[in-house]
Amino acid sequence: MSSANPSPDHRRHFAVGLARAFAGAVIFGLPLLMTMEMWWLGFYMESWRLALLLVLFFPFLVVLSWHVGFEPTFSLRDDVVDALVAYAVGFVSSALVLWLIGVLKPDASLREMVGQVSLQAVPASIGALLSQTQLGGKNAKQQPRGGVALYWSDLFIMSVGALFLAFNLAPTEEMVQIAAGLSEGRTALLIVVSVAAMHLFVYAVAFRGQPQDHQKASGWSVLMRFTVTGYVLAALVSAYMLWSFGRLDGLSLAAALHAVAVLGFPAAIGAAAARLIL
């Protein structure tokens, strides 16, 4: 809140933003809310890995609120409050949907229920904060404080897209299975195709959302500063997601790199798409 005694208009705006946040949490969270791997991960994912994910994810939400929160913010305090609200919306919406579809069982232990809901709350909270961008009208006088034209903001937005797609796919067995069937040459080719697709998706074919400064910069500069750097971010996000869900446990370094390259392909596409959408 921006003041101790908010006006009726401010309270109404916050209520509308909160309703959009719930809608965004459900829309963005449904693919994982209805995925069996996520249900089971809530049971057997190590508590410390889940706690680490939740703790590390909170600053990410604060920065995301700074860019595209579900209400205009004007201070770090506002962004922290919005991140807390997004987390709360993520927890509540995830619990309601999981209960509605019969995943939350009354005879389950408290640890199992908390694990299931907490894990689902992460992508749902992203949807809650992105709801203003995707579901609400924008006011020209209420621009995000993050300044999306800045280079570091571009990189962060790419990380958001990479995280969202990586979070949706990392829990599945298919990532490791696909990686196990790839040769070194095919894995290298996948990395090259990922970088090329990421570059073509946004910059080479001039999709809507292409940064204006790219028209002045050289192609090599754009490739290195945005595409290659963006792919590295997507790969790092992919590696952390796979590690968090235990998909890298017991794998050799080569096998782990193959898995990261496999997940890095959709993560790179998500990073490129986020630059167009957000």
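The values are calculated or read from the model by the stated rules, or taken from the named source; none is laboratory data. It should be emphasised that the depicted structure is a prediction, and the values quoted were computed from it without experimental measurement. Glycine also receives a Cβ, built like all others from the backbone with ideal geometry; neighbour counts cover every protein chain displayed. For the accessible areas, the whole protein counts, side chains as well, though only heavy atoms, and no ligand, DNA or RNA atoms are used. Shrake-Rupley method; radii C 1.70, N 1.55, O 1.52, S 1.80 Å.
Going residue by residue through the stretch 190-200, is there one that turns out to be open to solvent by 70 Å² or more (accessible area, probe 1.4 Å) and either at pLDDT below 90 or closer than 24 Å to residue 63 by Cβ (or both)? Yes, the stretch 190-200 has at least one match. Residues considered: 181, 127, 137. Of these, the only one that is open to solvent by 10 Å² or more (accessible area, probe 1.4 Å), modelled with pLDDT under 90 and not aromatic (Phe, Trp, Tyr) is 137. Given the conditions (1) of a type outside the set (Gly, Ala, Ser); (2) buried (at least 22 other Cβ atoms within 10 Å of the Cβ); (3) under 20 Å from residue 167 (Cβ atoms), and given that residue 249 satisfies all but one, which numbered condition is not satisfied? Every condition holds for residue 249 apart from (2).
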